[in-house]
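Engineer: Have a look at the structure that comes next, please.
The values are calculated or read from the model by the stated rules, or taken from the named source; none is laboratory data. All values reported here derive from a predicted model rather than from experimental measurement. Neighbour counts are summed over all protein chains in view; Cβ atoms, including those assigned to glycine, are modelled from backbone coordinates with ideal geometry. Please note that ligands, DNA and RNA were not included when accessible areas were found on the heavy atoms of the full protein model with its side chains. Shrake-Rupley method; radii C 1.70, N 1.55, O 1.52, S 1.80 Å.
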Amino acid sequence: QPVLCNKPRKKKKKRKTKKTSAGETQEDNDLEDIDSLLEKIDDTNGLSQQTQGGIIADSRPLLYVEHRNLNPENELKRYFGARAVLGDQRPRQRQRQYVRSTWLTAPKNTWPRYSKTGIAMQLLDTRRGVQHFAFEHHREYQQVQFKFLDAVESMDPNNIVLLLQMNPYHVDSLLQLSDVCRMQEDQEMARDLVERALYSLECAFHPVFSLTSGTCRLDYRRPENRAFFLALFKHLMFLEKRGCPRTALEFCKLILSLDPENDPLCVLLMIDFLSLRAREYTFLTRMFQEWESHRNLSQLPNFAFSVPLAYFFQSQQEERSEMELSQARERAARLIQLALIMFPSVLMPLLDHCSVQPDARVASHSFFGLNAQISQPPALNQLTTLYVGRTHSLWKDPAVMAWLETNVHEVLAMVDARDPLVEEAETKRKVRYQSAPRNIYRHVILSEMKEATAALPLEVTSQPVMGFDPLPPLDSIISYTRPERTNHPSNESTLSLFFRSLLPNFNLQGDVRHDGDEEAGAGQDLNQGVNRLMAAMRDMLANIQFQEPPRDDNPEGDGDWD
């Protein structure tokens with residue numbers, strides 16, 4: 001359209017709205033109509049892609065990511081309408097200063113002005129159509145990273161805040177401070193910090209790096225790459241709590257596509273839950289059919305129970321043909337029975353979380369009894385506890401419970417008949433699940449589910465876990481190291497660290513010995529250390545002042561606490 005002066009432009013705009021008010025309505029409604037049409041197209045494609053053999057044929061890769069599904073506003077607009085979500089944001093955006101457009105997050109006016117941080121991404125190599133990338137830290141960013149590690153060791157969040165004031169887009173500081181805000185119940189600030197970290201990382205992307213292709217890889221063993229995985233995971237958790245399961249599922253697929261073979265954050269333990277919540281049943285069943293042969297997904301309790309639940313929900317969809325409905329019902333029944341035989345310890349905790357009382361036959365039978373929970377290996381207990389705590393809300397539907405009850409009785413009949421499947425499953429449980437891999441523990445720590453966290457083994461809970469790098473891989477690929485410091489706090493005792501946190505000038509070990517003759521002066525050093533400790537305790541006790549309680553004119557009191 002030609003650019004005219006203001007007055008004729010306004011008149012022309014008014015006339016245009018009058019003409020099109022009956023036909024095209026508003027731009028927001030057009031966007032909603034387009035989204036709804038796309039949803040219908042997706043649904044019809046999902047129905048027509050079921051072949052006679054039951055294998056779902058889709059031309060796109062399984063972990064294909066769509067840009068429009070990475071924006072939570074698109075999902076919220078589908079639920080509540082564009083006007084309710086956007087409000088009066090559009091006129092403001094025209095006046096906003098120019099910022100770089102990104103896919104993962106939308107930059108906000110309240111954020112500091114972005115400047116290059118010293119993070120870059122390089123293409124390492126291309127093998128079999130898969131491109132391997134790596135983030136790298138320039139020298140100036142490495143110096144900030146060393147200051148950040150000092151701030152973490154100080155155990156004072158204010159030091160991280162000061163560091164962020166000087167370097168507002170330092171990724172690890174943003175992630176660590178986000179955890180602090182979340183612990184202080186400031187969810188909005190915590191989410192904002194994670195989004196800022198994602199924006200900083202996306203601005204450093206290599207020109208060839210693609211979020212949607214599913215063929216770009218990042219190695220979690222490189223410390224520089226871990227921040228991107230963790231920022232995506234934390235953002236995903238906020239999206240799920242915000243009520244955007246479809247967007248969270250897309251981010252989950254993105255994390256899995258970065259390293260599908262190793263899955264360093266073990267998002268396979270939650271992708272089924274997000275698929276069910278987003279009602280993406282076709283995606284979940286397709287993933288199970290394509291990956292079961294080489295990944296043994298049925299050996300994970302979450303897939304063993306969620307896939308038949310997805311088939312059950314599909315069997316309730318009236319728009320499907322009768323043949324598809326009967327196929328879905330048969331598969332749901334067969335798979336849920338196999339799941340109950342393989343993982344009998346899931347049933348009772350699941351019913352307990354759903355506030356459902358089992359009938360007398362189920363409650364009295366030993367197969368689903370207390371022995372099922374006690375006899376299972378600790379690693380399997382970790383997986384079942386995580387699944388029940390996360391997914392129990394999806395099983396509360398009365399129709400789901402009725403379907404589950406029917407299949408539980410079928411399984412008990414098989415157990416009483418001494419079906420060989422039951423004995424085979426018991427043998428598998430004893431042989432497998434001896435110890436969980438490190439990525440499962442990492443997932444449990446990041447998920448922060450109380451039941452699952454309480455079941456973590458001692459070797460995990462006894463070591464310090466940092467939010468910016470929980471349980472780093474044992475075979476990490478280190479590109480640069482932190483320079484050694486003059487003092488070595490790692491050699492200090494817990495008591496010494498405690499007093500040093502109260503009294504910054506306190507040092508139990510004194511000056512570091514340089515003469516190398518440590519054995520000769522060991523006893524003298526010990527005495528000096530004890531004397532310093534006693535002096536520090538006296539100093540601390542001397543500075544404690546107790547405030548006297550206010551005296552009342554009536555010492556007897558009237559007995560009224562109000």
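Engineer: If you check every pair at least six apart or on different chains, which have Cβ atoms under 6 Å apart with a residue in the range 186-199 that is open to solvent by less than 20 Å² (accessible area, probe 1.4 Å) first and a residue that is assigned to a helix (DSSP H, G or I) and among the small types (Gly, Ala, Ser) second?
Structural biologist: Qualifying pairs under 6 Å: Ala190/Ser178; Leu193/Ser178; Val194/Ser178; Val194/Ala231; Ala197/Ala231; Leu198/Ala231.
Engineer: Continuing with this model, one more query. Considering each of Leu338, Leu370 in turn, give the residue that is of a type outside the set (Val, Ile, Thr) and without any contact (Cβ under 8 Å) to a residue 40 or more places away in the chain.
Structural biologist: That would be Leu370, the only listed residue that is of a type outside the set (Val, Ile, Thr) and without any contact (Cβ under 8 Å) to a residue 40 or more places away in the chain.
Engineer: Still on this model: Which one of the conditions (1) on the phi < 0 side of the Ramachandran plot; (2) open to solvent by 20 Å² or more (accessible area, probe 1.4 Å); (3) not assigned by the TED database to the domain that holds Phe228 does Val460 fail to meet, given that it meets all the rest?
Structural biologist: Of (1) on the phi < 0 side of the Ramachandran plot; (2) open to solvent by 20 Å² or more (accessible area, probe 1.4 Å); (3) not assigned by the TED database to the domain that holds Phe228, only one is false for Val460: (2).
Engineer: Could you pull out the residue among Ala417, Ala413 that is more than 29 Å from Gln316 (Cβ to Cβ) and hydrophobic (A, V, I, L, M, F, W, C)?
Structural biologist: Of Ala417, Ala413, the one residue that is more than 29 Å from Gln316 (Cβ to Cβ) and hydrophobic (A, V, I, L, M, F, W, C) is Ala417.
Engineer: Across the range 399-443, what is the number of residues that are more than 26 Å from Gln463 (Cα to Cα) and either outside the structural domain of Gln316 (by the TED database) or of a type in the set (Phe, Trp, Tyr) (or both)?
Structural biologist: So the count comes out to 1.
Engineer: For Lys430, only one of the following conditions fails: (1) touching a Gly at 6+ places or on another chain (Cβ under 8 Å); (2) within 25 Å of Gln337 (Cα to Cα); (3) basic (Lys, Arg). What is its number?
Structural biologist: (1)
Engineer: If you don't mind, another one. Among the candidates His294, His235, which residue alone is at pLDDT below 95 and either touching a strand residue (DSSP E or B) at 6+ places or on another chain (Cβ under 7 Å) or not charged (D, E, K, R) (or both)?
Structural biologist: Result: His294 is the single residue among His294, His235 that is at pLDDT below 95 and either touching a strand residue (DSSP E or B) at 6+ places or on another chain (Cβ under 7 Å) or not charged (D, E, K, R) (or both).
Engineer: Output the residues belonging to the range 399-426 that are modelled with pLDDT under 95 and within 33 Å of the chain's Cα centre (by Cα).
Structural biologist: Within the range 399-426, Ala425, Glu426 qualify.
Engineer: For the range 425-471, enumerate the residues that are among the polar types (S, T, N, Q) and not in a helix (DSSP H, G or I).
Structural biologist: Gln434, Ser435, Ser462, Gln463
Engineer: Sticking with this one: Against the definition (touching a helix residue (DSSP H, G or I) at 6+ places or on another chain (Cβ under 7 Å) and open to solvent by 40 Å² or more (accessible area, probe 1.4 Å)), how does Leu386 come out, yes or no?
Structural biologist: no
Engineer: Determine, yes or no, whether Ser355 is open to solvent by 30 Å² or more (accessible area, probe 1.4 Å), on the phi > 0 side of the Ramachandran plot and in the same structural domain as Glu426 (by the TED database).
Structural biologist: Judged against the criteria, Ser355 is a match.
Engineer: A further question follows. Which of the residues that make up the range 368-398 are at pLDDT 95 or above, under 13 Å from Leu351 (Cβ atoms) and aromatic (Phe, Trp, Tyr)?
Structural biologist: Trp395
Engineer: Mind checking which helices (runs of 4 or more DSSP H) fall wholly inside the range 187-293 and carry at least 1 residues that are farther than 23 Å from Phe468 by Cα?
Structural biologist: Passing ranges, in order: 245-258, 271-277.
Engineer: Now for a different question. Please pick out the residue among Ala372, Ala379 that is buried (at least 16 other Cβ atoms within 10 Å of the Cβ), within 25 Å of the chain's Cα centre (by Cα) and more than 24 Å from Arg277 (Cα to Cα).
Structural biologist: From the options Ala372, Ala379, the qualifying one is Ala379.
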